[in-house]
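Chemist: My questions will all concern the structure given below.
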């Protein structure tokens with residue numbers, strides 16, 4: 001099976017802009033979670049989607065949002081970008097009734 | 001609140017030696033504890049995991065132990081090789097319920113000297 005894919009892989013945006021990142025899970029996986037990875041804060045949970053419903057949300061401001069489509073693909077959106085949003089954004093997918101999560105390669109977002 | 005502490009932050013060993021990384025979690029309802037390996041510029045890779053109803057799990061040169069009473073779990077790598085050099089993250093699922101949310105430790109940079 002193909003692994004988790006994310007697009008784009010790299011992105012440069014200006015402060016104040018908004019961005020949309022995409023994640024395609026492993027075929028058959030309906031759970032998709034998003035994480036932000038920075039050198040200072042490490043890996044932090046953003047949100048989790050299962051069967052098009054947000055099942056869990058981390059402690060991030062409302063500028064961070066996400067959704068999941070009927071084919072389990074997920075997008076996350078960050079509005080009004082700040083310099084501190086520069087990070088590697090990772091998504092991970094899991095099978096139903098399984099805790100095992102498999103990560104995508106990430107999207108490296110740079111905000112200038 | 002939910003928290004996972006990981007030690008040490010850096011670990012340097014000679015090739016062939018063993019390496020041990022330790023994590024402590026705060027939520028007593030946590031029931032799943034994975035370990036991820038992340039090489040420079042790569043995605044985190046699941047290398048081993050353990051459920052709360054198991055005390056130890058082994059897969060070739062790596063093993064994980066869990067002490068539920070003390071709320072800590074450890075990764076053991078034996079006969080280390082240079083390709084084991086990477087950042088290792090422990091994690092725990094909070095609540096014990098239907099969620100794939102992971103709380104990660106801060107990572108351990110393992111350097112295996114040839």
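Chemist: Can you pull out the strands (runs of 3 or more DSSP E) entirely within segment B:5-114 that have at least 3 residues that are under 15 Å from the mean Cα position of the chain (by Cα) and more than 14 Å from every other protein chain (Cβ to nearest Cβ)?
Modeler: B:19-25, B:62-67, B:72-77
Chemist: Being touching a helix residue (DSSP H, G or I) at 6+ places or on another chain (Cβ under 9 Å) and either within 13 Å of chain B (Cβ to nearest Cβ) or within 14 Å of residue A:34 (Cβ to Cβ) (or both) is the filter here, so list the residues in segment A:64-112 that pass it.
Modeler: A:64, A:78, A:109 - these are the residues of segment A:64-112 that are touching a helix residue (DSSP H, G or I) at 6+ places or on another chain (Cβ under 9 Å) and either within 13 Å of chain B (Cβ to nearest Cβ) or within 14 Å of residue A:34 (Cβ to Cβ) (or both).
Chemist: Tell me, which strands (runs of 3 or more DSSP E) lie completely within chain A with 1 or more residues that are within 19 Å of residue B:32 (Cβ to Cβ)?
Modeler: Qualifying strands (runs of 3 or more DSSP E): A:31-38, A:42-50, A:53-57, A:87-94.
Chemist: With respect to residue A:6, is the statement that it is more than 11 Å from every other protein chain (Cβ to nearest Cβ), touching a strand residue (DSSP E or B) at 6+ places or on another chain (Cβ under 7 Å) and either farther than 20 Å from residue B:2 by Cβ or touching a residue at least 12 places away in the same chain (Cβ under 8 Å) (or both) true?
Modeler: When the stated conditions are applied, residue A:6 does not pass them.
Chemist: Among the numbered conditions (1) within 23 Å of residue B:3 (Cβ to Cβ); (2) loosely packed, with under 15 Cβ neighbours inside 10 Å; (3) modelled with pLDDT under 95, tell me where residue A:84 comes up short.
Modeler: (3)
Chemist: So for segment A:66-81 (the condition being touching a residue at least 12 places away in the same chain (Cβ under 8 Å), farther than 16 Å from residue A:4 by Cβ and surrounded by 18 or more Cβ atoms within 10 Å (Cβ to Cβ)), does at least one residue qualify?
Modeler: yes
Chemist: Quick check: anything in segment A:14-23 within 12 Å of the chain's Cα centre (by Cα), surrounded by 16 or more Cβ atoms within 10 Å (Cβ to Cβ) and either modelled with pLDDT under 95 or within 14 Å of chain B (Cβ to nearest Cβ) (or both)?
Modeler: There is at least one residue in segment A:14-23 that is within 12 Å of the chain's Cα centre (by Cα), surrounded by 16 or more Cβ atoms within 10 Å (Cβ to Cβ) and either modelled with pLDDT under 95 or within 14 Å of chain B (Cβ to nearest Cβ) (or both).
The values are calculated or read from the model by the stated rules, or taken from the named source; none is laboratory data. Since this is a predicted model, take the numbers as computed values, not measurements. Using ideal geometry, Cβ is built from the backbone for each residue, glycine included, and neighbour counts are taken over all protein chains shown.
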